[in-house]
Amino acid sequence: MCLIAQLERTQTKSRIHADPSLHQDHFDRIPDSLVLLIFNKLADVRSLGRCSAVSKRFNALVPLVHNVYVKIDRVVSIDGDSYDALDLSLPKPRTLFAHLLKLILFAILQPLHYLQNIHGWSKPLLPQLSHHSPRQVLKNFTHVRNLRMELPAGDVKTEDGVFLKWRAEFGSTLQNCVILGGTMMDYRPASANLEGAMEDNGSIPESFYTNGGLKLRVVWTISSLIAASTRHYLLRQIIEEHPTLSSLVLTDADGQGTLTMGVEQLKEFREIPLATSASSNRTQVPASYMKLRYAPFLELPEGMGMQGATLVAIKPAGEGTSGGHYYRKEAEAFICGAFDEPLRDAVKALVKNRTYLLEMNGF
């Protein structure tokens, strides 16, 4: 009996003085700086939202992350109050947009007076995230430095088999834009040596002007600029509400178009009032120079090729025209670094071709 009583007293004492390390959450020993490093690698706003629900500590740390990635689902209004106000994915009269685009083309491009049959364009530009606008979601992040946003689809419609890529750099207005288009294929068509072959002097063949080739590429250019300037305009409130931003990238799931802004561009955006277009909610595209390069067929690495390859580089008129060698090098670096492989090889090949200069009025 005495032995049993002694054992009971020992067990009771052990329960009272239990080893505290057995009940300690070792994750709490990780410093906040390391947890924030993990969150910054995670970046995705949905995943960060789930992390914030784990504990009070995580809930306090998540708003302090520097890198945020927002994948957007569908269109909402700028303030996020209405889901239909900016729903550009809804059916629109193709003839109305075609007429408007045709008027713009006639106004800003001369003497391309033969442009006709403009294709319609109807795609989402500022979709929503889980029933909240990106602006509402990002209000919870007070220290964002690097922001990447992804739209559900590209903005410019193209025919089947034709791809179009663009990359634009903005400050308070357009600073640089490069557009690459054509048809990717894994073989060289037998007709590539005959149809649309470059003349001996490297100039674009006459058929390019008469078979609608130039008209189509002008439509690509104008549509891409409209898409880029609309995205730029819709970012204004996000930029104003996040003064810590030093890098902003707005792309889409199709990889069609990418808008970028760096430290200097964001600073300029905040300091200089935006010039908005009178016709719609987008930033005004300034008068610009367009450098067009074309090749009927380009051979790319790994047996790939590009038919009807076209490169258009756009720079605002007057910007860098007196800067000489430095500005030319800067523009060339932007063009050559705009796309990943194998498109980068296509760009490098096209910049060696003859350049055709077009002037474009602001719109």
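The values are calculated or read from the model by the stated rules, or taken from the named source; none is laboratory data. Keep in mind it's a predicted model, so treat the numbers as computed, not measured. Note: ideal-geometry Cβ built from the backbone for every residue, glycine included; neighbour counts use all protein chains shown.
Regarding Ser280, is this residue at pLDDT 95 or above and either among the hydroxyl-bearing types (Ser, Thr, Tyr) or touching a His at 6+ places or on another chain (Cβ under 8 Å) (or both)?
It is false that Ser280 is at pLDDT 95 or above and either among the hydroxyl-bearing types (Ser, Thr, Tyr) or touching a His at 6+ places or on another chain (Cβ under 8 Å) (or both).
Of everything in the stretch 230-264, what is within 17 Å of Ala153 (Cβ to Cβ) and crowded, with 23+ Cβ neighbours inside 10 Å? Give them in sequence order.
Passing the criteria: Arg231, Leu250, Asp252, Gly257, Leu259.
Could you run through the stretch 269-313 and say how many residues are under 19 Å from the mean Cα position of the chain (by Cα) and surrounded by fewer than 19 Cβ atoms within 10 Å (Cβ to Cβ)?
Number of matching residues: 2.
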